Structure formats: structure tokens, C-alpha cells
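Colleague: Can you read through this structure? Questions will come right after.
Values in this text are rule-based calculations from the coordinates and carry no lab data. Every value quoted in this text rests on a predicted model; they were computed, and no experiment measured them. Cβ atoms come from the backbone with ideal geometry, glycine included; neighbour counts cover every protein chain shown.
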Amino acid sequence: MISRERKEQLLGHRGLAIWMTGLSGSGKSTMGLLLEEMLHGEGVVTRLLDGDNVRTGINNNLGFSDADRTENIRRIAEVNRLFTDCGIVVINCFVSPTRAIREQARSIIGSDFVEVFVDAPLEVCEQRDVKGLYQKARAGEIKQFTGIDAPFEAPEMPEVHLPTANESPEQSAERLFEHIIERIQLPSNA
């Protein structure tokens, strides 16, 4: 089997799992798309994972019960581990509302896990809500919606904190990019 080191040398960068957490509407997907574009411009091989591409594929048999949400994150973390072992940078955009669920992902992925808190107040997220999810949750049409009738536990010590209500998407993405590009650089003797 070809070693991870050889694969990373071929790609010219290290594998990494960027785990963006925050309320729906906080800017996770926007940050993910901007970061992916910036990294691609530097020749970095990436894979963006979000609820849309994961819930319709590998996790299409899961619902939104506590057990299914935990299994959803477990599977996503296992996929991340496979990608990072190949030297790929994985950008994850998931609410992942509890510290325990994020710690589960960190324990599976290991030292390649970078927690990013995409932080916007609930009222800002509701204003940005293009899908009308908050309105449906407040009307009782969606049960256990994070931020309304299900809790969100903010990260206590994220590697990167992005206050997206206080800076432009481009400013947040640039700060995130600078942190990530430093983490994925191979030693100069590689």
C-alpha cells in the first residue's frame, strides 16, 4: 500500500479535515465554497461535504433522531479519515450542534481535525434563511430544529472563530484560508 506521506508528496500538501459548525444560516456553506475556491487556486485538492451531498448519498437512510444524527456524523468523520489519509483537504459544512458529536468526529479523524466556529447570532441567521426553515420551525412544522427547539452548543476552543455577522464573507474566508494553508504545507525537505 502506498503511504500517506507519498500521496501527500504527490499532491504537494497535507490532508486535513476542516469541520465548520454553526447554526443554519451562519455562513458555513458560503465559507466552504469560498475556501474551496481559494484552495483550488493554490493547487490544493479538496472535497466539500455538506448535508445536501451526504444526506442524498451515503446517509440517505438516516433521519433526524438523536441516534441518526450521531450516526450521520460518525459516517461523515469516517469518510473524512479516508480522504485525509490520501492527502485531500476535506471541507465539512454541518451544524453538528453538540460538543459531544463534534468530539466524536475529532476522535475518529484525529490530529487532522480543525474545528471552525462559523458564528452568527440566531436573529441574523433567521434573516438570512432563504429556505424558510426557521419560519417553519417557529410554526411547529419542523421539530427539533437547532436554535429553536433544539440546543446548539458553541465550541469552547475552536481552532478558528469566524464572526460572520461582523465581517464580510470574503474577510472571514481569507482568515480561514490563511490558517488552513499554513496547516497543509509540507516541510521544505519533503
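Colleague: Sequence gap at least 6, Cα distance under 8 Å: using those rules, report the relative contact order of segment 95-186 to the nearest whole percent.
Modeller: Once divided by the residue count of segment 95-186, the mean separation gives 36 percent.
Colleague: Here is a further query. Within a Cβ distance under 14 Å of residue 45, other residues only, what is the Lys/Arg minus Asp/Glu net charge?
Modeller: -1
Colleague: Starting from the Cα gyration tensor of segment 71-167, take the square roots of the eigenvalues, sort them a ≥ b ≥ c, and report rounded, prolate or oblate (rounded when a/c is under 1.5, otherwise prolate if a/b is larger than b/c, else oblate).
Modeller: Here segment 71-167 falls in the prolate category.
Colleague: Something else: How big is the charge dipole of the chain about its Cα centre, in debye rounded to the nearest 20, if each Lys and Arg gets +1 on its Cβ and each Asp and Glu gets -1 on its Cβ?
Modeller: 560 debye
Colleague: How many lysine pairs does the chain hold where the Cα atoms are under 23 Å apart and the two sit 8 or more places apart or on different chains?
Modeller: Within the chain, the lysine pair count is 4.
Colleague: Can you work out the base-10 log of I(q)/I(0) for segment 18-109 at q = 0.11, 0.12, 0.15, 0.16 1/Å, using the Debye formula on its C-alpha atoms alone?
Modeller: For the requested q values the scattering log ratios are -0.30, -0.35, -0.55, -0.63.
Colleague: Next question, about the same structure. Got the relative contact order for segment 4-181 handy, in percent, Cα pairs under 8 Å and 6 or more residues apart?
Modeller: In percent, rounded to a whole number, it is 34.
Colleague: Could you tally the net charge around residue 101, taking each other residue with its Cβ under 13 Å from the Cβ of residue 101, Lys/Arg +1 and Asp/Glu -1?
Modeller: 0
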